[in-house]
1. Of everything in region 99-135, what is open to solvent by less than 60 Å² (accessible area, probe 1.4 Å), out of contact with any Pro (no Cβ under 9 Å at 6 or more places or on another chain) and touching a residue at least 40 places away in the same chain (Cβ under 8 Å)? Give them in sequence order.
2. Got a number for residues in region 162-199 being open to solvent by 60 Å² or more (accessible area, probe 1.4 Å) and either in contact with a strand residue (DSSP E or B) (Cβ under 9 Å, 6 or more places away or on another chain) or among the β-branched types (V, I, T) (or both)?
3. Just to check your reading of the model, which residue among L153, L159 is open to solvent by less than 50 Å² (accessible area, probe 1.4 Å), touching a residue at least 12 places away in the same chain (Cβ under 8 Å) and in a strand (DSSP E or B)?
4. Take the residues of region 56-85 that are closer than 30 Å to R127 by Cβ and surrounded by fewer than 17 Cβ atoms within 10 Å (Cβ to Cβ): which is nearest to the chain's Cα centre (by Cα)?
5. Can you tell me which residue is farthest from G281 (Cα to Cα) among those in region 229-261 that are part of a helix (DSSP H, G or I) and open to solvent by 60 Å² or more (accessible area, probe 1.4 Å)?
6. Which of the residues that make up region 45-55 are free of Cβ contacts under 8 Å to residues at least 60 places away in the same chain, crowded, with 17+ Cβ neighbours inside 10 Å and not charged (D, E, K, R)?
7. I'd like to check something: does region 170-189 contain any residue that is assigned to a helix (DSSP H, G or I) and in contact with a Phe, Trp or Tyr (Cβ under 7 Å, 6 or more places away or on another chain)?
8. Which of the residues spanning region 1-37 are assigned to a loop (DSSP other than H, G, I, E, B) and touching a residue at least 40 places away in the same chain (Cβ under 8 Å)?
Amino acid sequence: MTDTVVITEVSKWFGFKVAVSDVTISFGSGVTGLLGPNGAGKTTLMRLVAGLQKPSQGKITVLGQDPREHVDVYRKMSLVPEDEAMYERESARRFIQTMARLGKIDDPVGKTEDVLRIVGLTDAADRPLGTFSKGMRQRAKVASALVTEPEVLLLDEPLNGADPVQRAELIRLFKELGAAGRTVIVSSHVLAEVERMADRVVAMVDGRLAAVGSVATIRAAMTDRPRQIYVECSDPRRLASALFRTEGVVGVHLEADRLRVEASDARAVADHLPRLAVENGVRVTDLQPADESLESVFRYLVGSR
């Protein structure tokens, strides 16, 4: 993978407030989810990458160049900000065409119609942006970013206000862009949606990097926290008694008609479970990890600060 965005020892402070602290990370093709609670530094980091703010220290390059010094980078990068600043009286169609012309795109009219269709705004394209709902505004901003065919796409809460169908379509679109080799960085607080679209997760807490990698990789690195496993079976009490004496099990909890097993070594438990079930005459019907989701990982990272 070729790194398109490289951030090296970057910090940003505003007076006495430190928004980003000593961040070193790189991004390449595919979709990366940028996560963190309010005030974690996600928006500031995106604005630094976009060249809208200058790092207090450190270095950022986009496609090999400093976005603050080489304006040509802006033709290859687009930012969809979370804020609502838009030309209220302008129609969506004219707004997007203007962005295409500023980006010196061939056939700005035709390209505008393409992106309007992609985000589902063709029928409303001649309405003033001031009459749009929040979800429609977000889609108009996504369209204005896509019309320049950027190699790097920065999306700050792009799904805000969109209905479930629109969200699903935008997620599909972002995944397709990542699969096509674009660098897509998505900041979002909706963890389930990030998990659906992102190949990689970057978590920030208090302006610092808290974790980087796939959800499975980050969860595997949380060695101080036992794995949680749900087991559904024909006789939970009998199996619970057997599991208590099993290597790697630190706790067993009976919850309705299933067990929640806490394991220091989930692989060892999985290896022993079939034998224990047979020996005790218990039929196991389902086995699922209880804490492998992005939400559980995120709760851990935020709670550990």
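The values are calculated or read from the model by the stated rules, or taken from the named source; none is laboratory data. Predicted, not measured: the structure shown is a model, and the values here were computed from it. Note that each Cβ is placed from the backbone with ideal geometry, even for glycine, and that neighbours are counted across all protein chains shown. Side chains are part of the model used for accessible areas, which takes the heavy atoms of the whole protein and leaves out ligands, DNA and RNA. Shrake-Rupley method; radii C 1.70, N 1.55, O 1.52, S 1.80 Å.
1. Hits for region 99-135 are I105, V119, G120, P128, L129, G130, F132.
2. As a first pass, look at region 162-199 and keep what is open to solvent by 60 Å² or more (accessible area, probe 1.4 Å): 163-165, 169, 172, 175-176, 179-180, 182, 189, 192, 195-196, 199.
In the following step, the residues that additionally are either in contact with a strand residue (DSSP E or B) (Cβ under 9 Å, 6 or more places away or on another chain) or among the β-branched types (V, I, T) (or both) were identified as 165, 175, 179, 182, 189, 195, 199.
Qualifying residue count, region 162-199: 7.
3. On the way: L159 fails: in a strand (DSSP E or B).
Every option except L153 fails the conditions.
4. Of all residues in region 56-85, those closer than 30 Å to R127 by Cβ come to 74-75, 77-85.
Add one more test, that the residue is surrounded by fewer than 17 Cβ atoms within 10 Å (Cβ to Cβ), and what stays is 75, 82-85.
Working: R75: 24, E82: 15, D83: 18, E84: 21, A85: 23 Å.
By that ranking, first place goes to E82.
5. Just the residues of region 229-261 that are part of a helix (DSSP H, G or I), to begin with: 236-244.
With the extra rule that they be open to solvent by 60 Å² or more (accessible area, probe 1.4 Å), the set shrinks to 237-238, 244.
Numbers: R237: 12, R238: 9, F244: 17 Å.
Result: F244.
6. In the first step, residues of region 45-55 are kept if they are free of Cβ contacts under 8 Å to residues at least 60 places away in the same chain; the result is 47-48, 51-55.
Still in the running and crowded, with 17+ Cβ neighbours inside 10 Å: 47-48, 51, 53, 55.
Residues satisfying the conditions are L48, G51, Q53, P55.
7. Taking region 170-189 as the starting set, the residues that turn out to be assigned to a helix (DSSP H, G or I) are 170-179.
Next, only the ones that are in contact with a Phe, Trp or Tyr (Cβ under 7 Å, 6 or more places away or on another chain) stay: none.
No.
8. Pass one, region 1-37, residues assigned to a loop (DSSP other than H, G, I, E, B): 1-4, 15-16, 28-29, 36-37.
Scanning region 1-37 gives T4, G28, S29, G36, P37.
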